[in-house]
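Following: one structure in structure tokens, then a few remarks.
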Amino acid sequence: MSSLFPNRRNMVTAAGACLLLTTFFAAPAWAQDFTMKLATATVNDVQTEAIKRFAARVEERSEGRITTELYPAAQLGSNARMIEGLQLGTVEFYTGPAAYLVGVDSRYQVTDLPGIFEDARHAQRVFSDPAFSEAFLNLGIDKGLVGLGTYIYGNTAFATSFEGDTLSAFEGKKLRVLASKVERKGVELMGATAVPIDFSEVATALQQGTVDGMKSSPPAFTSLKLYDIVDHITATEDGVMGEVMLASKIWWDTLPGDLQMILREEATALEPELYDFVLDDQAKAYETWEEMGGTVHYLPKAEREALMREMRDAVLELLNEDPKTAEMLAVLLDAAERTATE
């Protein structure tokens with residue numbers, strides 16, 4: 001009798017199991033939650049502001065399906081280690097200077113070209129130009145990097161232990177730069193030696209005299225409180241520092257399409273906010289430097305104009321030597337011409 005009519009309890013258990021399996025497989029993909037670690041090397045500057053604002057936007061827009069963790073001040077390692085983390089999938093989001101990515105693809109350095117942009121506002125128009133943005137943000141896709149957005153860090157300048165009020169003052173000095181050929185070439189044209197050092201090691205290098213100064217933007221100097229180490233800024237403002245927002249492709253590919261769309265849209269919407277923050281932050285940085293007893297120098301007009309022409313010609317020649325960088329350079333120059341003021 002029992003073989004013909006199964007035990008009722010077993011029937012109920014089996015039915016429940018089937019219901020659970022049906023519910024599991026029918027559950028929409030978006031029910032899964034994701035964690036995004038946002039990393040950068042700096043603190044109290046636009047990069048930190050970028051991860052804070054982006055995290056807030058993404059959590060709100062995704063209605064909590066993406067939770068965020070912030071790691072500024074190189075907590076997850078140097079810029080190189082964080083970029084490797086993106087490629088390995090251990091870091092979900094990173095923002096920093098595009099020039100740190102030249103080891104991944106040499107074309108990333110085109111945002112740092114001297115003498116190309118009329119001013120910082122023009123640079124932001126170029127970076128946000130759809131034709132340039134699409135090409136630039138896709139540079140690292142086959143290397144595990146998904147480009148989400150670009151913005152500027154600020155105009156370039158030097159923080160130095162010496163008075164840099166003329167070009168001759170830079171001759172023979174050792175200056176920290178990013179690892180790009182563009183930054184190296186520009187410093188060499190000033191008669192100095194270029195020394196690539198990660199941002200996390202700059203303060204120590206200046207304290208120990210490993211370098212006599214660093215090239216970056218004024219907010220970077222004040223965020224590191226370099227006014228406690230060196231006394232001078234030379235506001236060359238020969239270019240801008242281009243920044244990029246990147247996601248790990250390994251992590252990206254686990255996201256449903258609607259969350260990918262949210263990340264892209266919120267990164268794009270954040271770009272003008274960061275630009276406005278940068279302009280204010282840069283002005284405050286110069287003021288803070290002088291309030292803390294430092295001095296801001298400007299090169300004589302004729303010297304600066306001659307240097308800008310020499311830098312522009314040299315880096316254009318340099319990037320045109322490689323067909324890959326030449327192609328990306330052409331896209332940037334086309335965008336610069338289309339977005340220039342009349």
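The values are calculated or read from the model by the stated rules, or taken from the named source; none is laboratory data. Just so you know, these numbers come straight off a predicted model, no measurement behind them. Backbone-built Cβ (ideal geometry, glycine too); neighbour counts: all protein chains shown. Just so you know, the surface numbers come from the protein's heavy atoms only, side chains and all, with ligands and any DNA or RNA stripped out. Shrake-Rupley method; radii C 1.70, N 1.55, O 1.52, S 1.80 Å.
Which count do you get for residues in the range 124-139 that are surrounded by 23 or more Cβ atoms within 10 Å (Cβ to Cβ), touching a strand residue (DSSP E or B) at 6+ places or on another chain (Cβ under 6 Å) and modelled with pLDDT of 95 or more?
Adding up the residues that qualify gives 1.
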I need a count of the residues in the range 83-103 that are surrounded by 19 or more Cβ atoms within 10 Å (Cβ to Cβ) and out of contact with any Ser or Thr (no Cβ under 8 Å at 6 or more places or on another chain). 4
Can you name the residue in the range 23-37 that is in contact with a strand residue (DSSP E or B) (Cβ under 8 Å, 6 or more places away or on another chain) and open to solvent by 20 Å² or more (accessible area, probe 1.4 Å) and, of all such residues, is modelled with the lowest pLDDT? 33
Among the numbered conditions (1) buried (at least 23 other Cβ atoms within 10 Å of the Cβ); (2) without any contact (Cβ under 8 Å) to a residue 60 or more places away in the chain, tell me where residue 158 comes up short. (2)
Let me confirm something: among 119, 165, 112, 142, which residue is open to solvent by 10 Å² or more (accessible area, probe 1.4 Å) and in contact with a Phe, Trp or Tyr (Cβ under 8 Å, 6 or more places away or on another chain)? 165
Only residues that are open to solvent by 60 Å² or more (accessible area, probe 1.4 Å), out of contact with any Phe, Trp or Tyr (no Cβ under 9 Å at 6 or more places or on another chain), basic (Lys, Arg) and in contact (Cβ under 8 Å) with a residue 24 or more places away in the chain: list them for the range 38-78, please. 61
